[in-house]
Amino acid sequence: MSQPNNSVNRRTFLKSSALAGGGLLLSFTFLSAFKKGELSADLEAEDQWYEITGYIKITPDNKIKILNPNPEFGQNVMTSLPMIVAEELEVDWTKIIVEMGPHDNVKLGPQFTGGSNSVRMYWKPLREAGAAARQMLLLGAAQTWNLPVEELTAKAGMIYHEKSGKSGTYGEFASRAATIPIPKGVKLKEAKNFKLVRNSQKNVEGQKIVSGKPLFGIDYKQEGMLIAMIEHPPAFGMKLKSFDATEALKMPGITDVFRQTLYEPGMEQGGFDTRTFNELLVVVGKTTWEVMNARKKLKVSWEPAGETKDIINGRTGKKEVVVPGKLETTSEQRKLMQEYANRPAQQLRKDGDPETAFKNAAQIIERTYNAPFLAHNCMEPMNFFAHVTADKALLVGPLQAPAWTEPLLSKVLGLPADKIEIQMTRMGGGFGRRAYGHYLAEAALISKKVKAPVKLIYTREDDMTYGIYRPMYTATYRAALDANKNLIGFHVKGGGIPEHAIHANRFPAGAVDNYLAEAWEIPSNITIGAFRAPRSNFNAAAEQSFLDELAEAMGKDPIDFRLELLKRAKENPVGKNNEYDADRYAGVLQLVKEKSGWNKEENKKYSRGVAAYFCHNSYAAHVIDFINKDGKPTVERVFSAVDCGIVVNPDAASNMVEGAVIDGIGNALYGALTHKEGAAEQNNFHRYKMIRMNETPRQIDVHFVQNDIDPTGLGEPPFPPVFGAVANALYRATGKRYYDQPYGPQLNSAKRAF
Amino acid sequence: MISLTINNKTYNLDVDPATPLLWVLRDHLDLVGTKYGCGMAQCGACTVHLNGEAVRSCVTRVSQAAGKKVVTIEGLSETNEHPLQKAWLELDVAQCGYCQTGQIMSAAALLRKNSHPTDKDIDAAMAGNICRCGTYLRIREAIHLAADMGKK
Ligand code: FES
Ligand code: FES
């Protein structure tokens, strides 16, 4: 603990006064449990930290600390969010101490990583916090010096009074500044005056990462901590019947084996409380390896769970969800999807008169696209630390949305939210998976039961076979062309297990006179969850492949064809609620056309595929070039164009786009999670193929559209169109269209057609 | 009792000789820079050096390491200034960062044998290391950069 002496009373007082405006907060209990390692190095017990807004702390000797509010899962918010604060605060970035903030939604905002929202939702509040803090420091100096605040300027952590030549550090005025109420409406910088934002800064945790410091949840440790694992049923739709732990308990290091109910019957679940199995068979022991070994000695009988019911109170309101009991098999799921595809579906949007357009069409093009479940496969498997006692709970580990999980913990533990402390570690990937907090509830209940600090760890097999997958999708696209090959009608009908992917108000909606979007869904006991650009990650594959084929049928260049449609959508949009901005959409296509040398003779040797997509408020387009190597199409180069508004940290942003490209190529070629009698057929990387270095392109050129639009998000948008660009490039490489993901297995026999 | 030499330090441990070196490092010795990703030699997150060779510590029994020199990421360089670590920082390779210590250990073993690897050499040597975030291009470039640093 880093509390200064006699601080308890003062601290309590000051904590409450802090709510009224800037306050003094002396201690920083977060991370105090990290006994070893670097996370605690910044915490010197003697430092007096004055809090200037919830995000900024300054010591009298001018140490300046900025708290990153949002969970870090590789999108680099630990660097980019504090950069936004620092820009307005006017400080020397190289001297800033950055620290992960505690879970505190009052002071630190929504604290949710997902939906490409981190920079977008914090852009304004962090600039305002930085500007307000700078103003508080200026006022503090003005009071101290007895000078009008207008005559003072702030620069690089210093305050100057030019007329008198007076100067002082921020630290000198921190104690006074902390007593000043946080001012509202302080003028923010114009984009053209940014000094830090838009200039690449290195990852603030880079050094810790390359030297193997304990940054991740799985690295977390406390004195007396036990390791717990859960033996899950072997298949979706199964549950624990009975078990005999006699042999397991004889194994060295094992302290406990027990059954634990996760959610009590009838418990109302939040939208992100998804869990696959409710009756847990828990093994607890001293070390990871001992627990792994003991699991092998369990004698367990499982039984079909049958139909079950959940009460879900999510975004769309409260409803009872019936979870079917059938043990599902992929081939049967496909058949069932075909059946559903032929039935009437729910209409999502209709413009004009699509029925007549298709009736009068000179030519109808119809194609069906399919994609399997995908596992997130975060490199760091699910895990969480919990220490639950009679009156409070501490949870530490990797998660994307503490504010969503806290109410769940409160429910399962019967503790008020203010007795639950959640600390967020760096995450070894998230991709949506760690927005689902069931594993915190599991860890907490296990700790409560064994009355000890516990770290729950999923093995890779546990992690991959648990569910919360990207859903299984299908969609049939139809286009009606008149005798002059004009596009007169467009129809998409999509479905999924258990969710469809259709975004009815997205391109090419708005660009075609007669348009129809429909959807259907098949319930399942295979759990699903958000996966990097939910829904879009399928749509962009299907729709962008279809548009490519359509352009060809119409004798048009695939980029020009899209640009024509976008021109129509801008000048004379069809229907209402078109979600996209046609100019920004066209902008990324034009940029990628230029940067890739789309029509250049020297690029003819490549099999080139293009795709563009809009999702999560941003726009992305890729040109992917394949070549033939050893008789096999091989990805060689990628050109990417992205419009996400102002780019805070350009090099890190490029890194993220490069990652999205690789992730997209990998999943397009290999990603698949299939089932047999309810059991996942892939349980580790020997069966679930991940893209590896030798399968990556030589070059990825990332270009951002330069504009002064407030940031609109980046983590997801570049990902979906990769699938379409890959499919379209493969067509040029092999002469074959690709309708079913993953494409990779279909390539082995592929011959270059032209 | 098993006697181990890790990062030039000697440890005497009372563990089951069949325990994977990975879990001895992580659970018994608090050397958590070596990561768990798959437990079956498929992802490379757990890569360490055993007598200078890159091995997957998740499938290396601790008894196999007895009497040999083990180097983990924590011991790759005393000051954390191995050319690879510097190159990694220079090119800001990491995204989530979880795979990177394993990547660096694989790369270090490669450079020891081949001070100037080609792209092809790198791809071959690094194919056992998964990066879920997709930082492969930067890893490849960083290995080249470290090789150049070594030359100077
Ligand atoms: S954990 Fe050893 S190779 Fe994956
Ligand atoms: S940086 Fe996240 S797995 Fe490699």
Note: among A:ALA452, A:ALA443, A:ALA417, just one is buried (at least 22 other Cβ atoms within 10 Å of the Cβ) and of a type in the set (A, V, I, L, M, F, W, C), namely A:ALA443
Inside the range B:28-53, the number of residues satisfying the requirement of being assigned to a strand (DSSP E or B) and either within 7 Å of chain A (Cβ to nearest Cβ) or surrounded by fewer than 24 Cβ atoms within 10 Å (Cβ to Cβ) (or both) is 3
*Does at least one position in the range B:54-76 carry a residue that is away from ligand 1 (no atom under 15 Å from the Cβ), within 11 Å of chain A (Cβ to nearest Cβ) and touching a residue at least 60 places away in the same chain (Cβ under 8 Å)?*
yes
* Quick one: would you say A:PRO534 is open to solvent by 30 Å² or more (accessible area, probe 1.4 Å) and in contact (Cβ under 8 Å) with a residue 24 or more places away in the chain? -> yes
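Would you tally the residues in the range B:77-103 being at the interface with chain A (Cβ under 7 Å from one of its Cβ atoms) and polar (S, T, N, Q)? Break it down stepwise before answering.
Looking only at the range B:77-103, we keep the residues that are at the interface with chain A (Cβ under 7 Å from one of its Cβ atoms), and these are B:80, B:85, B:88-89, B:92, B:94-101.
Then drop every residue that is not polar (S, T, N, Q), which leaves B:80, B:85, B:95, B:100-101.
Here the count works out to 5.
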Considering residues that are more than 7 Å from chain A (Cβ to nearest Cβ) and open to solvent by 20 Å² or more (accessible area, probe 1.4 Å), the number found within the range B:129-152 is 8
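To keep it simple, each residue is scored yes or no on (1) within 14 Å of A:VAL91 (Cβ to Cβ); (2) not aliphatic (A, V, I, L, M).
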site: A:GLN111; (1), (2): no, yes
site: A:MET121; (1), (2): no, no
site: A:PRO125; (1), (2): no, yes
site: A:GLU128; (1), (2): no, yes
site: A:MET136; (1), (2): yes, no
site: A:TRP145; (1), (2): no, yes
site: A:GLU150; (1), (2): no, yes
site: A:GLY165; (1), (2): no, yes
**Request:** Could you tell me whether B:LEU137 is assigned to a helix (DSSP H, G or I), hydrophobic (A, V, I, L, M, F, W, C) and either farther than 18 Å from A:ARG692 by Cα or within 13 Å of ligand 2 (Cβ to nearest atom) (or both)?
**Result:** yes
Within the range A:166-224, the residues that are within 30 Å of A:LEU394 (Cα to Cα) and assigned to a helix (DSSP H, G or I) are A:GLY206, A:GLN207, A:LYS208, A:ILE209, A:VAL210, A:GLY217, A:ILE218, A:ASP219
Every listed condition ((1) buried (at least 20 other Cβ atoms within 10 Å of the Cβ); (2) outside any helix (DSSP H, G or I); (3) within 16 Å of ligand 1 (Cβ to nearest atom)) holds for B:PRO117 save (3)
(Q) Being assigned to a strand (DSSP E or B), open to solvent by 40 Å² or more (accessible area, probe 1.4 Å), touching a residue at least 12 places away in the same chain (Cβ under 8 Å) and in the same structural domain as A:ALA509 (by TED's automatic domain parsing): is that true of A:ASN628 here? (A) yes
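Being within 11 Å of chain B (Cβ to nearest Cβ) and modelled with pLDDT of 95 or more is the requirement here; does A:VAL705 meet it?
Values: within 11 Å of chain B (Cβ to nearest Cβ): no; modelled with pLDDT of 95 or more: yes.
In short, no.
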Taking the range B:58-74 and keeping only residues that are of a type outside the set (Val, Ile, Thr), open to solvent by less than 80 Å² (accessible area, probe 1.4 Å) and under 18 Å from B:GLY44 (Cα atoms), one is left with B:CYS58, B:ALA65, B:GLU74
Sole miss for B:LEU111 among (1) of a type outside the set (Asp, Glu); (2) assigned by TED's automatic domain parsing to the domain that holds B:ILE6; (3) more than 16 Å from ligand 1 (Cβ to nearest atom) is condition (2)
Residue hits (the range B:77-100; closer than 18 Å to B:GLY44 by Cα, more than 16 Å from ligand 1 (Cβ to nearest atom) and in a helix (DSSP H, G or I)) are B:LEU84, B:GLN85, B:TRP88
- Within the range A:596-614, is there a residue that is within 14 Å of another protein chain (Cβ to nearest Cβ), open to solvent by 10 Å² or more (accessible area, probe 1.4 Å) and either outside any helix (DSSP H, G or I) or not aliphatic (A, V, I, L, M) (or both)? no
Is it the case that B:SER106 is more than 9 Å from chain A (Cβ to nearest Cβ), within 16 Å of ligand 2 (Cβ to nearest atom) and of a type in the set (Ser, Thr, Tyr)?
yes
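Do we find a residue being in contact with an Asp or Glu (Cβ under 7 Å, 6 or more places away or on another chain) and either more than 7 Å from every other protein chain (Cβ to nearest Cβ) or open to solvent by 20 Å² or more (accessible area, probe 1.4 Å) (or both) anywhere in the range A:656-670?
Checking the range A:656-670: not a single residue is in contact with an Asp or Glu (Cβ under 7 Å, 6 or more places away or on another chain) and either more than 7 Å from every other protein chain (Cβ to nearest Cβ) or open to solvent by 20 Å² or more (accessible area, probe 1.4 Å) (or both).
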inquiry  = Take B:ALA18 and tell me if it is open to solvent by 10 Å² or more (accessible area, probe 1.4 Å), under 18 Å from B:ALA127 (Cα atoms) and within 11 Å of another protein chain (Cβ to nearest Cβ).
reply    = no
Exception for A:GLY430 within (1) open to solvent by less than 10 Å² (accessible area, probe 1.4 Å); (2) more than 14 Å from every other protein chain (Cβ to nearest Cβ) falls at (2)
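Take the residues in the range A:225-239 that are away from chain B (no Cβ under 14 Å), outside any loop (DSSP other than H, G, I, E, B) and not charged (D, E, K, R), then tell me which one is farthest from B:SER77 (Cα to Cα).
This residue is A:MET238.
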Just one listed residue, out of A:VAL77, A:VAL91, is within 14 Å of another protein chain (Cβ to nearest Cβ) and buried (at least 23 other Cβ atoms within 10 Å of the Cβ), and it is A:VAL77
From the option list A:PRO711, A:PRO721, single residue qualifying as within 22 Å of A:VAL588 (Cα to Cα), part of a helix (DSSP H, G or I) and not assigned by TED's automatic domain parsing to the domain that holds A:THR276 is A:PRO721
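The values are calculated or read from the model by the stated rules, or taken from the named source; none is laboratory data. None of these values were measured; they are calculated from a predicted model. Note: ideal-geometry Cβ built from the backbone for every residue, glycine included; neighbour counts use all protein chains shown. All accessible areas refer to the heavy atoms of the entire protein, side chains included, with ligands and DNA or RNA removed. Shrake-Rupley method; radii C 1.70, N 1.55, O 1.52, S 1.80 Å.
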